[in-house]
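Structure first, commentary second.
The values are calculated or read from the model by the stated rules, or taken from the named source; none is laboratory data. As the structure is a prediction and not an experimental result, all values here were calculated from the model. Methodologically, a virtual Cβ is constructed for each residue, glycine included, from the backbone with ideal geometry; neighbour enumeration extends over all protein chains shown. Please note that ligands, DNA and RNA were not included when accessible areas were found on the heavy atoms of the full protein model with its side chains. Shrake-Rupley method; radii C 1.70, N 1.55, O 1.52, S 1.80 Å.
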Amino acid sequence: MINDKIKSRVIGINVDTTTTTIAVVDLRGNIVAQDSIPTQNFPNVNNFVEALSERVVMLAENNGGYENIRSVGMCAPSSNYLTGCIENAPNMPWKGVIPIAAMLRDSIGLAVALGNDAHVTALGEWAYGVAHGMDNFIVVTLAGEFGHTCIEDGGRQCSCGRKGCLEEYVSTRGILQTVRELLEANNAPSKMRQKTDLTLDDIAECADEGDAIAIEAWRRSGEILGIALANYASIVNPEAVIITGELTKYCGRMWPAMEKAFLENVFGNIRDKVKVVVSKINDHERNVLGASALAWKVKEYSLFK
(Lines give C-alpha, C1' and ligand atoms only; values in the text may rest on other atoms or scores of the structure.)
Protein backbone atom coordinates (compact mmCIF):
# COMPACT_ATOMS: atom_id res chain seq x y z
CA MET A 1 0.00 0.00 0.00
CA ILE A 2 1.35 3.42 -0.96
CA ASN A 3 1.73 5.79 2.00
CA ASP A 4 0.74 9.26 0.83
CA LYS A 5 0.61 10.78 4.31
CA ILE A 6 4.31 11.57 4.76
CA LYS A 7 4.58 14.81 6.70
CA SER A 8 6.74 17.35 4.92
CA ARG A 9 7.39 20.02 7.54
CA VAL A 10 8.82 20.41 11.03
CA ILE A 11 8.93 23.17 13.63
CA GLY A 12 12.26 24.65 14.72
CA ILE A 13 12.38 26.61 17.98
CA ASN A 14 15.28 28.68 19.31
CA VAL A 15 14.94 29.67 22.98
CA ASP A 16 17.35 32.34 24.14
CA THR A 17 17.40 34.63 27.15
CA THR A 18 15.34 37.40 25.57
CA THR A 19 13.42 35.97 22.61
CA THR A 20 12.05 32.60 21.53
CA THR A 21 11.85 32.16 17.76
CA ILE A 22 9.52 29.64 16.13
CA ALA A 23 9.75 28.61 12.46
CA VAL A 24 7.97 26.23 10.11
CA VAL A 25 10.67 24.56 7.99
CA ASP A 26 10.20 22.34 4.95
CA LEU A 27 12.16 19.32 3.73
CA ARG A 28 14.72 21.48 1.90
CA GLY A 29 15.45 23.70 4.87
CA ASN A 30 13.36 26.63 3.66
CA ILE A 31 11.80 28.72 6.42
CA VAL A 32 8.15 28.86 5.40
CA ALA A 33 7.01 31.11 8.23
CA GLN A 34 8.45 32.56 11.43
CA ASP A 35 7.18 34.08 14.67
CA SER A 36 8.51 34.90 18.13
CA ILE A 37 7.56 35.47 21.76
CA PRO A 38 9.53 37.32 24.47
CA THR A 39 11.14 34.67 26.70
CA GLN A 40 11.74 37.14 29.50
CA ASN A 41 8.00 37.83 29.83
CA PHE A 42 7.44 34.35 31.27
CA PRO A 43 9.18 33.86 34.65
CA ASN A 44 6.93 30.81 35.14
CA VAL A 45 7.92 27.99 32.77
CA ASN A 46 4.38 26.57 32.67
CA ASN A 47 3.09 29.88 31.33
CA PHE A 48 5.93 29.91 28.82
CA VAL A 49 5.09 26.44 27.50
CA GLU A 50 1.41 27.38 27.26
CA ALA A 51 2.17 30.53 25.25
CA LEU A 52 4.71 28.69 23.09
CA SER A 53 2.25 25.89 22.35
CA GLU A 54 -0.44 28.33 21.26
CA ARG A 55 1.99 30.10 18.94
CA VAL A 56 3.29 26.82 17.45
CA VAL A 57 -0.23 25.59 16.66
CA MET A 58 -1.32 28.93 15.22
CA LEU A 59 1.80 29.27 13.04
CA ALA A 60 1.43 25.72 11.72
CA GLU A 61 -2.30 26.06 11.02
CA ASN A 62 -1.77 29.30 9.09
CA ASN A 63 1.03 27.80 6.99
CA GLY A 64 0.02 24.48 5.49
CA GLY A 65 -1.89 22.99 8.40
CA TYR A 66 -0.96 21.31 11.66
CA GLU A 67 -1.47 17.89 10.12
CA ASN A 68 1.63 18.44 7.92
CA ILE A 69 3.98 18.95 10.89
CA ARG A 70 6.05 15.85 11.61
CA SER A 71 7.89 16.87 14.79
CA VAL A 72 9.52 19.70 16.71
CA GLY A 73 13.17 20.53 17.35
CA MET A 74 14.10 22.98 20.09
CA CYS A 75 17.37 24.46 21.26
CA ALA A 76 18.12 26.31 24.47
CA PRO A 77 21.16 27.07 26.65
CA SER A 78 22.26 24.35 29.09
CA SER A 79 20.06 21.73 27.44
CA ASN A 80 20.63 17.98 27.61
CA TYR A 81 19.68 16.09 24.45
CA LEU A 82 19.49 12.75 26.29
CA THR A 83 17.10 13.92 29.02
CA GLY A 84 15.17 16.60 27.13
CA CYS A 85 15.79 18.99 30.03
CA ILE A 86 17.20 22.48 30.46
CA GLU A 87 19.58 21.88 33.34
CA ASN A 88 20.46 24.71 35.72
CA ALA A 89 20.76 27.40 33.05
CA PRO A 90 22.37 30.42 34.75
CA ASN A 91 20.93 33.06 32.41
CA MET A 92 17.41 31.71 31.85
CA PRO A 93 14.38 32.80 33.90
CA TRP A 94 13.70 29.20 35.07
CA LYS A 95 15.97 27.59 37.63
CA GLY A 96 16.76 23.96 38.28
CA VAL A 97 16.07 21.06 35.91
CA ILE A 98 13.21 21.80 33.50
CA PRO A 99 11.79 18.84 31.46
CA ILE A 100 10.80 21.23 28.71
CA ALA A 101 10.77 18.73 25.82
CA ALA A 102 8.25 16.51 27.63
CA MET A 103 6.19 19.53 28.68
CA LEU A 104 5.90 20.80 25.11
CA ARG A 105 5.27 17.29 23.72
CA ASP A 106 2.39 16.76 26.14
CA SER A 107 0.98 20.17 25.28
CA ILE A 108 1.04 19.98 21.46
CA GLY A 109 0.91 16.20 20.92
CA LEU A 110 4.01 15.93 18.70
CA ALA A 111 7.48 14.51 19.21
CA VAL A 112 9.93 17.10 20.57
CA ALA A 113 13.74 16.87 20.50
CA LEU A 114 15.81 19.27 22.60
CA GLY A 115 19.43 20.22 21.97
CA ASN A 116 22.01 22.56 23.44
CA ASP A 117 22.30 25.80 21.48
CA ALA A 118 25.97 25.13 20.62
CA HIS A 119 25.14 21.61 19.40
CA VAL A 120 22.27 22.90 17.28
CA THR A 121 24.43 25.68 15.79
CA ALA A 122 26.83 23.01 14.52
CA LEU A 123 23.96 20.83 13.32
CA GLY A 124 22.56 23.76 11.32
CA GLU A 125 25.92 24.29 9.63
CA TRP A 126 26.16 20.57 8.83
CA ALA A 127 22.63 20.32 7.43
CA TYR A 128 22.30 23.62 5.59
CA GLY A 129 25.59 25.53 5.74
CA VAL A 130 29.25 25.41 4.74
CA ALA A 131 29.86 22.21 6.74
CA HIS A 132 27.47 20.24 4.52
CA GLY A 133 29.19 16.97 3.58
CA MET A 134 31.90 17.27 6.25
CA ASP A 135 32.48 14.67 8.94
CA ASN A 136 34.81 16.63 11.21
CA PHE A 137 34.61 20.37 11.72
CA ILE A 138 34.66 23.06 14.40
CA VAL A 139 32.06 25.79 14.75
CA VAL A 140 33.29 28.82 16.68
CA THR A 141 30.81 31.41 17.87
CA LEU A 142 32.34 34.82 18.45
CA ALA A 143 32.10 34.79 21.32
CA GLY A 144 30.88 31.71 23.18
CA GLU A 145 32.52 29.14 25.44
CA PHE A 146 35.55 29.29 23.14
CA GLY A 147 35.82 32.92 24.22
CA HIS A 148 36.78 31.77 27.71
CA THR A 149 40.02 30.13 26.69
CA CYS A 150 43.08 32.02 27.93
CA ILE A 151 44.98 33.87 25.21
CA GLU A 152 47.15 36.16 27.37
CA ASP A 153 48.58 35.24 30.75
CA GLY A 154 47.56 37.85 33.32
CA GLY A 155 45.70 39.82 30.68
CA ARG A 156 42.46 41.76 30.81
CA GLN A 157 39.96 40.93 33.54
CA CYS A 158 37.11 38.80 32.17
CA SER A 159 33.51 38.74 33.39
CA CYS A 160 33.96 35.00 34.10
CA GLY A 161 36.40 35.88 36.89
CA ARG A 162 39.63 34.93 35.14
CA LYS A 163 42.14 37.07 33.24
CA GLY A 164 43.28 37.02 29.64
CA CYS A 165 40.25 35.30 28.08
CA LEU A 166 39.86 35.53 24.31
CA GLU A 167 36.47 37.19 24.72
CA GLU A 168 38.13 40.21 26.31
CA TYR A 169 40.07 40.76 23.07
CA VAL A 170 37.90 39.42 20.24
CA SER A 171 34.36 40.51 21.06
CA THR A 172 32.55 43.83 20.86
CA ARG A 173 33.78 45.00 24.25
CA GLY A 174 37.23 43.54 23.64
CA ILE A 175 37.77 45.40 20.37
CA LEU A 176 36.42 48.62 21.89
CA GLN A 177 38.91 48.23 24.75
CA THR A 178 41.73 47.71 22.24
CA VAL A 179 40.77 50.97 20.53
CA ARG A 180 40.68 52.82 23.85
CA GLU A 181 44.15 51.53 24.75
CA LEU A 182 45.54 52.50 21.34
CA LEU A 183 44.02 56.00 21.58
CA GLU A 184 45.59 56.51 25.01
CA ALA A 185 49.00 55.29 23.85
CA ASN A 186 49.09 57.12 20.53
CA ASN A 187 48.73 60.79 19.65
CA ALA A 188 47.87 60.09 16.02
CA PRO A 189 44.76 61.93 14.78
CA SER A 190 41.59 59.85 14.75
CA LYS A 191 37.90 60.60 14.30
CA MET A 192 37.28 58.01 16.98
CA ARG A 193 38.50 60.47 19.62
CA GLN A 194 35.36 62.56 19.04
CA LYS A 195 32.96 59.62 19.39
CA THR A 196 31.21 59.58 22.76
CA ASP A 197 29.50 56.24 22.11
CA LEU A 198 31.92 54.35 19.87
CA THR A 199 30.62 51.27 18.02
CA LEU A 200 32.20 48.57 15.87
CA ASP A 201 30.55 50.18 12.85
CA ASP A 202 32.38 53.42 13.70
CA ILE A 203 35.70 51.56 13.93
CA ALA A 204 35.02 49.82 10.62
CA GLU A 205 34.15 53.11 8.93
CA CYS A 206 37.29 54.80 10.26
CA ALA A 207 39.44 51.89 9.10
CA ASP A 208 37.92 52.14 5.62
CA GLU A 209 38.86 55.83 5.61
CA GLY A 210 42.49 55.00 6.43
CA ASP A 211 42.46 55.70 10.18
CA ALA A 212 45.71 54.09 11.38
CA ILE A 213 44.45 53.38 14.90
CA ALA A 214 41.29 51.69 13.64
CA ILE A 215 43.30 49.61 11.18
CA GLU A 216 45.67 48.56 13.96
CA ALA A 217 42.76 47.60 16.23
CA TRP A 218 41.38 45.22 13.59
CA ARG A 219 44.88 43.86 12.90
CA ARG A 220 45.52 43.08 16.56
CA SER A 221 42.10 41.50 16.98
CA GLY A 222 42.65 39.34 13.91
CA GLU A 223 46.09 38.25 15.06
CA ILE A 224 44.79 37.15 18.47
CA LEU A 225 41.88 35.31 16.88
CA GLY A 226 44.23 33.55 14.45
CA ILE A 227 46.43 32.28 17.28
CA ALA A 228 43.41 31.03 19.23
CA LEU A 229 41.96 29.24 16.20
CA ALA A 230 45.36 27.68 15.45
CA ASN A 231 45.54 26.26 18.97
CA TYR A 232 42.02 24.82 18.69
CA ALA A 233 42.65 23.33 15.22
CA SER A 234 45.96 21.82 16.30
CA ILE A 235 44.18 19.85 19.02
CA VAL A 236 41.13 18.72 17.02
CA ASN A 237 42.54 18.42 13.47
CA PRO A 238 39.26 19.32 11.71
CA GLU A 239 38.43 19.64 8.03
CA ALA A 240 37.35 23.23 8.68
CA VAL A 241 36.92 25.88 11.33
CA ILE A 242 33.65 27.74 10.76
CA ILE A 243 33.29 31.19 12.29
CA THR A 244 29.81 32.35 13.31
CA GLY A 245 28.36 35.07 15.52
CA GLU A 246 27.88 38.80 15.62
CA LEU A 247 31.47 39.65 14.61
CA THR A 248 31.35 37.81 11.27
CA LYS A 249 30.31 41.02 9.50
CA TYR A 250 33.71 42.46 10.48
CA CYS A 251 35.80 39.39 9.65
CA GLY A 252 36.99 40.88 6.36
CA ARG A 253 38.88 43.58 8.24
CA MET A 254 40.51 41.06 10.58
CA TRP A 255 41.07 38.37 7.98
CA PRO A 256 44.62 39.12 6.68
CA ALA A 257 46.10 39.24 10.19
CA MET A 258 43.97 36.30 11.34
CA GLU A 259 45.01 34.13 8.40
CA LYS A 260 48.70 35.00 8.81
CA ALA A 261 48.65 34.23 12.54
CA PHE A 262 46.72 31.01 11.97
CA LEU A 263 49.19 29.71 9.38
CA GLU A 264 52.17 30.66 11.53
CA ASN A 265 50.85 28.95 14.67
CA VAL A 266 48.84 25.92 13.55
CA PHE A 267 50.54 22.49 13.74
CA GLY A 268 52.60 22.09 10.57
CA ASN A 269 51.19 18.71 9.54
CA ILE A 270 47.67 20.15 9.16
CA ARG A 271 48.56 23.66 7.95
CA ASP A 272 47.40 23.05 4.38
CA LYS A 273 44.59 20.65 5.27
CA VAL A 274 42.28 22.73 7.45
CA LYS A 275 40.15 25.60 6.11
CA VAL A 276 38.97 28.63 8.07
CA VAL A 277 35.67 29.90 6.70
CA VAL A 278 32.86 32.25 7.68
CA SER A 279 29.35 30.86 8.00
CA LYS A 280 26.94 31.82 5.22
CA ILE A 281 23.80 31.22 7.28
CA ASN A 282 21.99 34.28 8.62
CA ASP A 283 22.70 34.57 12.36
CA HIS A 284 18.99 34.99 13.09
CA GLU A 285 18.11 31.77 11.25
CA ARG A 286 20.97 29.39 12.13
CA ASN A 287 19.56 28.00 15.35
CA VAL A 288 15.98 27.52 14.17
CA LEU A 289 17.37 25.71 11.12
CA GLY A 290 19.60 23.58 13.35
CA ALA A 291 16.62 22.85 15.60
CA SER A 292 14.61 21.82 12.52
CA ALA A 293 17.38 19.40 11.53
CA LEU A 294 17.18 17.98 15.05
CA ALA A 295 13.42 17.54 14.60
CA TRP A 296 13.92 15.23 11.63
CA LYS A 297 16.08 12.95 13.80
CA VAL A 298 13.52 12.31 16.53
CA LYS A 299 11.19 9.31 16.23
CA GLU A 300 7.83 10.44 14.91
CA TYR A 301 5.03 10.58 17.46
CA SER A 302 1.58 12.14 17.41
CA LEU A 303 -1.54 12.09 19.56
CA PHE A 304 -3.53 12.72 16.39
CA LYS A 305 -2.71 9.57 14.38
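Using a 1.4 angstrom probe with every protein chain in place, what is the largest-first accessible-area order of His284, His119, His132, His148?
Ranked from most to least accessible, the order is His284, His132, His119, His148.
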Please compute the length gained on full extension between Val277 and Thr19, using 0.36 nm multiplied by the number of residues separating them and subtracting their Cα-Cα distance. 90.1 nm
Exposure of Asp211 as accessible area (Å², to 10), given a probe of 1.4 Å and all protein chains: 20
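Pairs of Cα atoms under 8 Å, at least six residues apart: use those to get the relative contact order of region 1-123, whole percent. Let's see the in-between values first.
Details: 225 pairs, mean separation 30.7, N = 123.
Averaging sequence separation for qualifying contacts and normalising by length gives 25 percent for region 1-123.
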Under 26 Å between alpha carbons: how many lysine pairs meet that in the chain, if sequence neighbours fewer than 8 apart on the same chain are excluded? 18
Chymotrypsin sites (Phe, Trp or Tyr not before Pro) within region 232-300: DSSP coil, no more than 14 neighbouring Cβ in 10 Å: Phe267
Accessible area per residue for the chain in Å², computed with a 1.4 Å probe and the full protein assembly in place, what is it? 50
Using a 1.4 Å probe, how large is the accessible area of Arg220, given in Å² and rounded to the nearest 10? 100
So which residue, out of Arg253, Arg286, Arg193, gets the largest mean-square fluctuation from a GNM of the chain using Cα contacts under 10 Å as springs? Arg193
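Rank these by accessible area, largest first, 1.4 Å probe: Leu263, Leu166. If you can, show how the numbers build up before the last one.
Numbers: Leu263 70, Leu166 5 Å².
The residues order as Leu263, Leu166, largest area first.
Just by accessible area at a 1.4 angstrom probe, what is the order of Glu246, Glu216, Glu167, Glu184 from largest to smallest? Display every interim value, and only then the final one.
Values: Glu246 115, Glu216 50, Glu167 30, Glu184 155 Å².
These residues rank, largest area first, as Glu184, Glu246, Glu216, Glu167.
Nearest 0.05, what FRET efficiency do Asn41 and Ile6 give at R0 = 41 Å with Cβ-Cβ as r? List each step's numbers first, then the result.
Numbers: r = 37 Å, r/R0 = 0.90.
Between Asn41 and Ile6 the formula returns 0.65.
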Return one number: the angle in degrees, 0 to 90 and rounded to the nearest 10, between the long axis of the Cα atoms of helix 117-128 and the longest principal axis of the Cα atoms of the chain. 80
Quick one: with all protein chains in place, what share of the accessible area of region 102-223 is carbon or sulfur, to the nearest percent (1.4 Å probe)? 47
Tell me, what is the 1.4 Å probe accessible area of Lys7, in Å² to the nearest 10? 40
